[in-house]
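The values are calculated or read from the model by the stated rules, or taken from the named source; none is laboratory data. Just so it is clear, the model here is predicted, and its values are computed rather than measured. All Cβ positions, even for glycine, are placed from backbone atoms using ideal geometry, and neighbour counts span all protein chains on display.
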Protein chains: 2
Amino acid sequence: MTIKIDISASGQIYPALIGVGLLKQLPVILDEYAPAYRYAVISDDQVGPLYATAVLERCRSAGKKVDLHSFPAGEVSKTRKSWSKLTDDLLDAGHGRDSCIIAVGGGVTGDLAAFVAATFLRGVPLIQVPTSYLAMIDAAIGGKAGVDTRAGKNLVGAFHPPKCVIADPDVLSTLPSDERSGGLVEAFKHGAILDAAYYDDLRADTELLLDADPVAAKAAVAASIRLKGQVVTQDELEGGYRQILNFGHTLGHALEAASGYSLSHGAAVAAGMVMEAELGEHLRVTESGTSKTLSSGLAGLGLRLESLSQVDPEAVMSFLSSDKKRRSGRSRYVLLRRIGEVENTEGWSREVPDLLVQEVIEDLS
Amino acid sequence: MTIKIDISASGQIYPALIGVGLLKQLPVILDEYAPAYRYAVISDDQVGPLYATAVLERCRSAGKKVDLHSFPAGEVSKTRKSWSKLTDDLLDAGHGRDSCIIAVGGGVTGDLAAFVAATFLRGVPLIQVPTSYLAMIDAAIGGKAGVDTRAGKNLVGAFHPPKCVIADPDVLSTLPSDERSGGLVEAFKHGAILDAAYYDDLRADTELLLDADPVAAKAAVAASIRLKGQVVTQDELEGGYRQILNFGHTLGHALEAASGYSLSHGAAVAAGMVMEAELGEHLRVTESGTSKTLSSGLAGLGLRLESLSQVDPEAVMSFLSSDKKRRSGRSRYVLLRRIGEVENTEGWSREVPDLLVQEVIEDLS
């Protein structure tokens, strides 16, 4: 059975549909949520052959006008240049305001295609078909669209909610195992900040989830979408409550950058979560033992943390300080009270003394 | 006295303020409508020295953090490349989500700076300080942001309403006379589609307006902003009613393109208005004599129409047909009933037989 979770964004409500085998029903879903004169599928050259061509065939058999616009896979493609090229391709192919964009792929595809949809002829409808854990539970929910610049990730973009998100756990079977682990880090984060019972479920089902067992995957994806959906529904434009989703990410991003991106995003955020829990414990905000619980839970994901020990603490501090400058002198941390609950005293995040941050980072080596 | 007209967009309301000498009060207006940690003024290298530097000094004396980001003047700068460069400049200068962008300039600056504001860190506040008739009465009202691509104008963009529009007729005195005439074409258009009495006022005041007389300019700018504001408030996303603003533009754009842009935008739209009125008269939709009335009214603006006679009718038809293809086979025209009133039978625009269009175009030569 298909699970339907309503997400509210920009005064509209759009559904996230989660179901095993759901992609086979795509044409019917399009008719219901995004009827259009033409469809443009955007996908990368790895996911494209696996799923986008099947999407194309299914749409064509249902009598729809649809074409494929592909780009080279990877974060290196999440640029203004790829966005420009895709936009030009759509114009050359004669797409107009009555076209709808279907993003088929992981987080990069979702963010990039959403930015194309947000800006093509000042905005056309978008359907998100996430094909990774990360895209299903994180990137596709919340309406964020964007690309990277030389100064950092996601620095240019828009909010452009899709008409519908279609999450079919069947596609996870082809996902490389590194990407499964990495994506599940965000699921653990959702449990850590919002739902202790879900956190326990994730620990119990870690093996099944890593194997992309459709039943376990469907349950986790639905739980995470529901949790993230509640957060972004309450605070779509990142003013306040939505900050809690940054748990683990202030240090995570810094670790990732300081490792020269040899540390994967998932591994960096996992380490960031453990370290930010340590920060909280030092400050007596976070229940003692929380960072250990996180550490052992996340260990089950088998993340590749080798390069963590080679990260230069000074490089981490320097990244934090330049990031801080960009945020007008404020580097903020989301702190847990315990697994499943976030601190909310001076807003949903707080500043933490540099010396303490440095101490926790130096404990790494 | 300052005239304040509320424009509604995306569920928010923002004011357009019209007043002689208003720019001197900029810091106070910023405090009221867009308090921010820092301000980034975006301007081109022609308007910059005239007004942006004065804006900078005034803000600095009022204790505000503000810097200037400039680009080469002209439509050639309304590109994704300029947008990328401005975005990178803002990032390099350390601007963050708590910065506000102030667009000081004509239509190109307004559209380009608005697209920067719409996409910088997924959107920051924007203040529009239009310095031309066209920007005051047209470009700055309605929240459109965008740049051109090789396939055409404004094909990439967003809707990003400003926090406030500040129209100070004093700045019109430095505007080149060609640009005054060109901008006033849009004022005549507002009269033609919505308000016969305003159309008559424009005819009576044409000389004063061309001289940038502050009193006449303030009245016309306020009237046009009020009229355009009512239209976009009713129909922000171009679904229906807003189409009436395209009167004169279907043929105008085609003439402009077919002339290889030797015809100015204003002159092309003026010719387009007269020709679209002729179309309407042929179809017995538009009151007989309307195109003559328009033609003599617009003649007062002294537009440079020399190159109109050299435009190749075939090139116009070919542009219309490629434009049509992009709009999925529909090329639509807004037709007048008479000066001050638009036809609304099959929606606010209608298709017109190619042969008739061709006839009207061939009458040119």
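On the basis of being crowded, with 19+ Cβ neighbours inside 10 Å, at pLDDT 95 or above and assigned by TED's automatic domain parsing to the domain that holds A:N154, does A:S61 make the cut?
Answer is no for this residue.
What is the residue count in region B:45-70 for residues that are within 20 Å of B:H95 (Cα to Cα), in a helix (DSSP H, G or I) and among the hydrophobic types (A, V, I, L, M, F, W, C)?
4
Identify all residues within region A:31-52 that are among the aliphatic types (A, V, I, L, M) and more than 19 Å from A:V171 (Cα to Cα); write none if there are none. Let's see the steps before the verdict.
So the first thing to find is which residues in region A:31-52 are among the aliphatic types (A, V, I, L, M), and the list is A:34, A:36, A:40-42, A:47, A:50, A:52.
Across region A:31-52, the qualifying residues are A:A34, A:A36, A:A40.
Before we move on, is A:G110 closer than 19 Å to A:F159 by Cα, under 26 Å from the mean Cα position of the chain (by Cα), more than 14 Å from chain B (Cβ to nearest Cβ) and not β-branched (V, I, T)?
Yes, satisfied.
Where the second residue is part of a helix (DSSP H, G or I) and the first is at positive phi and lies in region B:205-230, which pairs have Cβ atoms under 6 Å and are six or more apart or on separate chains?
B:A212/B:L172; B:A212/B:S173
Which of the residues spanning region B:2-33 are in a loop (DSSP other than H, G, I, E, B), more than 14 Å from every other protein chain (Cβ to nearest Cβ) and surrounded by fewer than 19 Cβ atoms within 10 Å (Cβ to Cβ)?
Of everything in region B:2-33, those that are in a loop (DSSP other than H, G, I, E, B), more than 14 Å from every other protein chain (Cβ to nearest Cβ) and surrounded by fewer than 19 Cβ atoms within 10 Å (Cβ to Cβ) turn out to be B:T2, B:V20, B:G21.
Would you be able to tell me the number of residues in region B:95-125 that are free of Cβ contacts under 8 Å to residues at least 60 places away in the same chain and over 20 Å from A:R80 (Cβ atoms)?
2
Take the residues in region B:128-172 that are more than 8 Å from chain A (Cβ to nearest Cβ) and of a type in the set (D, E, K, R), then tell me which one is farthest from B:S224 (Cα to Cα).
For region B:128-172, the residue satisfying everything is B:D148.
Please specify each residue of region A:119-138 satisfying the condition of being part of a helix (DSSP H, G or I) and either aromatic (F, W, Y) or under 18 Å from the mean Cα position of the chain (by Cα) (or both). Write out each step before concluding.
Our first condition is that a residue be part of a helix (DSSP H, G or I); within region A:119-138, this holds for A:119, A:133-138.
Result: A:Y133, A:L134, A:A135, A:M136, A:I137, A:D138.
Search region A:88-105 for residues being surrounded by fewer than 24 Cβ atoms within 10 Å (Cβ to Cβ) and assigned to a helix (DSSP H, G or I), and hand back the single one that is nearest to the other protein chains (Cβ to nearest Cβ).
Filtering region A:88-105 for residues that are surrounded by fewer than 24 Cβ atoms within 10 Å (Cβ to Cβ) and assigned to a helix (DSSP H, G or I), the one nearest to the other protein chains (Cβ to nearest Cβ) comes out as A:L91.
Exactly one of (1) closer than 18 Å to B:N344 by Cα; (2) modelled with pLDDT of 95 or more is unmet by B:Q234. Its number?
(2)
So for region A:287-299 (the condition being within 14 Å of chain B (Cβ to nearest Cβ) and in contact (Cβ under 8 Å) with a residue 60 or more places away in the chain), does at least one residue qualify?
Taking every residue of region A:287-299 in turn, none turns out to be within 14 Å of chain B (Cβ to nearest Cβ) and in contact (Cβ under 8 Å) with a residue 60 or more places away in the chain.
Only one of (1) touching a strand residue (DSSP E or B) at 6+ places or on another chain (Cβ under 8 Å); (2) modelled with pLDDT under 95 fails for B:G152. Which number is that?
(1)
I'm trying to understand the selection: among the residues of region B:139-164, which are in a loop (DSSP other than H, G, I, E, B), within 17 Å of B:V76 (Cα to Cα) and among the aliphatic types (A, V, I, L, M)?
Within region B:139-164, B:A151 is the sole residue that qualifies.
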